[in-house]
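Notes to accompany the following structure.
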């Protein structure tokens, strides 16, 4: 039996037959939540479960050099504040939209999400999409799925500037750490929208 | 009566009361299709009709300078081939996904769309999303909406490397040039999916 593994090089991913070069990620500690989610999304894509991508980082390009036709080099550019969340796509006919953040604290600082990302999530839910947060508490080694509605609920009823982990425990769902896919958030969606999806 | 106009500065847009400074776009010729679609999407957003964005240009960042905490400057970066189409979002609960291109020719060269953008559109349709192309023929001053299925149909039945404008006339829909929104592609979707949307 040939075992296939997903190997992840920066932004590229391939299915490889052998676990050569020590590049395979399974078991690898110290991966960021972003890496884990990108790999999860690529796994979903290969399995034809869903089509979900991280949006590229928004930048303003000021200067580009063209040493030759093929190889443009950006020489000056600036980071822009994103107007939307980082991830979106489609799952079982449904529009999916979420933001993912990790924190070393035991409480999730709301300053980690931009005001317009929150209003973006409000619009998504209003238009019939599935919006949520994925938050990883690094020290606790726990990753949570929190529906956008629960986030709005916190913002409306609380004055605190950060969401305690207990709020996630009570109102969200743990996403178990798995080998593959690493952050299986679609399982939470299946549970939440049982029967409502295609 | 106060008239509001959408003013578009690069990536920013504001609603302004007066037509000062000659910055207002209506009637302005020589705007690119991308500008027109961005403005259309902003109009849809303000009107709360749909939430559709252009994805940022995907780049690989190699070098960043931090002269101070607030102002990171990207000093070296490269353009990446996009894995997806440029635009996606949600309309009446439906996942929307499209690519927009303009051409000076009387036939749309298929080389304008990357292979993986086509397979991306295939996946979108397969997963229940609404996928399409918006193609503008500059000389003819005509903008067409072509459903992804019609694009696939052309690819399967034709060997030509470009799609003649007649194929768009027969299989697509003209998007009339309007004052606001400039490229009202949601109207075509309404016509196509009558009753199927929320």
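The values are calculated or read from the model by the stated rules, or taken from the named source; none is laboratory data. Since the model is a prediction, treat every value here as computed from it, not as a measurement. With ideal geometry, Cβ positions are generated from the backbone for all residues, glycine too; neighbour counts draw on all protein chains shown.
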Exercise. Failed condition for residue A:6, given (1) within 25 Å of residue B:120 (Cβ to Cβ); (2) within 14 Å of another protein chain (Cβ to nearest Cβ); (3) at pLDDT below 95, with all others met?
Worked result: (2)
Problem set entry | Lone unmet requirement of (1) in contact with a helix residue (DSSP H, G or I) (Cβ under 9 Å, 6 or more places away or on another chain); (2) modelled with pLDDT of 95 or more for residue A:104 | (1)
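When only residues in the range B:57-88 that are in a loop (DSSP other than H, G, I, E, B) and modelled with pLDDT of 95 or more count, which is nearest to residue B:182 (Cα to Cα)? Walk me through how you get there before you give the answer.
Filtering the range B:57-88 down to residues in a loop (DSSP other than H, G, I, E, B) leaves B:57-58, B:66-72, B:80-86.
From the residues that got through so far, the ones that are modelled with pLDDT of 95 or more too are B:84-86.
Details: B:84: 24, B:85: 21, B:86: 18 Å.
Top of the filtered list is B:86.
Can you tell me how many residues in the range A:85-103 are at the interface with chain B (Cβ under 10 Å from one of its Cβ atoms) and under 8 Å from the mean Cα position of the chain (by Cα)? Lay out the reasoning, then the answer.
Just the residues of the range A:85-103 that are at the interface with chain B (Cβ under 10 Å from one of its Cβ atoms), to begin with: A:88-97.
Filter once more, keeping what is under 8 Å from the mean Cα position of the chain (by Cα): none.
So the answer is 0.
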Problem set entry | Identity of the residue in the range B:141-198, in a loop (DSSP other than H, G, I, E, B) and closer than 23 Å to residue B:119 by Cα, that ends up nearest to the chain's Cα centre (by Cα) | B:172
Seminar exercise, completed: Scanning the range A:58-82 for residues that are within 8 Å of another protein chain (Cβ to nearest Cβ), within 21 Å of residue A:118 (Cβ to Cβ) and either surrounded by 16 or more Cβ atoms within 10 Å (Cβ to Cβ) or in contact (Cβ under 8 Å) with a residue 40 or more places away in the chain (or both) gives A:58
Exercise. Residues in the range B:14-30: is at least one within 14 Å of another protein chain (Cβ to nearest Cβ) and either surrounded by 13 or more Cβ atoms within 10 Å (Cβ to Cβ) or modelled with pLDDT of 50 or more (or both)?
Worked result: no
For this session: Determine whether the range A:110-127 contains at least one residue that is buried (at least 20 other Cβ atoms within 10 Å of the Cβ), more than 8 Å from chain B (Cβ to nearest Cβ), at pLDDT 95 or above and part of a strand (DSSP E or B).
Result: no
Problem set entry | Complete set of residues in the range A:83-104 that are surrounded by fewer than 21 Cβ atoms within 10 Å (Cβ to Cβ) and within 23 Å of residue A:130 (Cα to Cα) | A:83, A:86, A:92, A:93, A:101, A:102
